Amino acid sequence: MARYTGPRGRRDRRAGVMISSMRKNPIEKKPYPPGEHGRGRQRQTEYGIRLLEKQKARWYYGVSEKQFRRAYEKATRTQGVTGETLLQMMELRADNVVYRMGFATSRPQARQLVVHGHFLLNGRKHNIPSAILKPGDVLTVREKSQRLEPIQNAVEQVVAVPPWLEADHENFTGRILHAPSRDEIDAPVEEQLIIEFYSR
């Protein structure tokens, strides 16, 4: 199976940073990698460092290797800084935008809500979580779906929406103002290491 379905806390400990949306931070309790040799001396190779950075980005956005590689190849063909463009594409995925707007409490939940057709994109039913949205696109929760408990709970828990998005939680709608710049993306990854991994 391409999608990771194992323990999220174990994966966070492997990455060394909190990348899942768990309430408790497993790294605080066990600040070392999982497994029998987790507390032993870790010999990190150049390849291993770059591989882990790529895996962290994949796990953070919840995408498969094939999807991530395809996004990288598209980013290399796009004008601009490849690493920043790659992260922009990940941020502009429909499932991530739903999560960032505050209509879901996690990316996996956002992906499921999109797949089940609970959102409209520019007034039309949309069910493709991997679609890359554009500035000016408007996402709306379908009228029948606005009373769903997961969406209601997510809206109640919203603290802040990124500056590149606009969200009206009373009317269950949001809009993409512009593509996010690197300083507006809080992904805990060093994109240069990812580029180095793929271009080796």
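Every read-out reported here was derived from the displayed coordinates using simple, explicitly stated rules and does not represent laboratory data. Because the structure is predicted, anything quoted here is derived from the model rather than measured. All Cβ positions, glycine included, derive from the backbone under ideal geometry; neighbour counts span all protein chains shown.
Under 5 Å between amide hydrogens, built in the peptide plane, is the criterion, and for Val138 it picks out Asn122 among residues at least 5 positions away or on other chains.
For the range 93-178, what does the alpha-carbon gyration tensor say about shape, rounded, prolate or oblate, given a ≥ b ≥ c as the root eigenvalues, a/c under 1.5 as rounded, and a/b over b/c as prolate? Rounded. Taking the Cα centre of the range 93-178 as reference, the dipole from Cβ charges on Lys and Arg (+1) and Asp and Glu (-1) amounts to some 360 debye.
Exactly which chymotrypsin sites (Phe, Trp or Tyr not before Pro) in the range 111-200 are in a DSSP loop and have at most 11 other Cβ atoms within 10 Å?
Values: sites: Phe119, Trp164, Phe172, Phe197, Tyr198; in loops: Trp164, Phe172.
Here no loop site has a sparse enough neighbourhood.
In this structure, the residue pairs whose Cα-Cα separation is over 30 Å, taken from Lys54/Lys125; Lys66/Lys125; Lys74/Lys144; Lys74/Lys125, are Lys54/Lys125; Lys74/Lys144.
Quick one: net charge of Pro180's neighbours, Cβ under 11 Å, K/R +1, D/E -1? Let's see the in-between values first.
On the way: positive: Arg100, Arg182; negative: Glu84, Glu91, Asp183, Glu184, Asp186.
Summing Lys and Arg as +1 and Asp and Glu as -1 gives -3.
Summarising the amide proton neighbourhood of Leu165: residues at separation of 5 or more, or on other chains, whose placed amide H is nearer than 5 Å comprise Leu177.
Computed from backbone phi with θ = phi - 60° and the Karplus coefficients 6.51, -1.76 and 1.60, the 3J(HN,Hα) list for the range 105-122 is 8, 8, 5, x, 5, 4, 4, 5, 5, 5, 4, 7, x, 8, 10, 10, 10, 6 Hz; x is used for glycine and proline. The residue among Gln146, Asn122, Ala167 whose Cα reaches farthest toward the positive pole of the charge dipole of the range 93-178, with charges on the beta-carbon of Lys, Arg, Asp and Glu, is Asn122.
Across the range 175-181, coupling constants 3J(HN,Hα) worked out from phi with the 6.51/-1.76/1.60 Karplus curve, θ = phi - 60°, read 9, 8, 7, 6, 5, x, 8 Hz, and Gly and Pro carry x.
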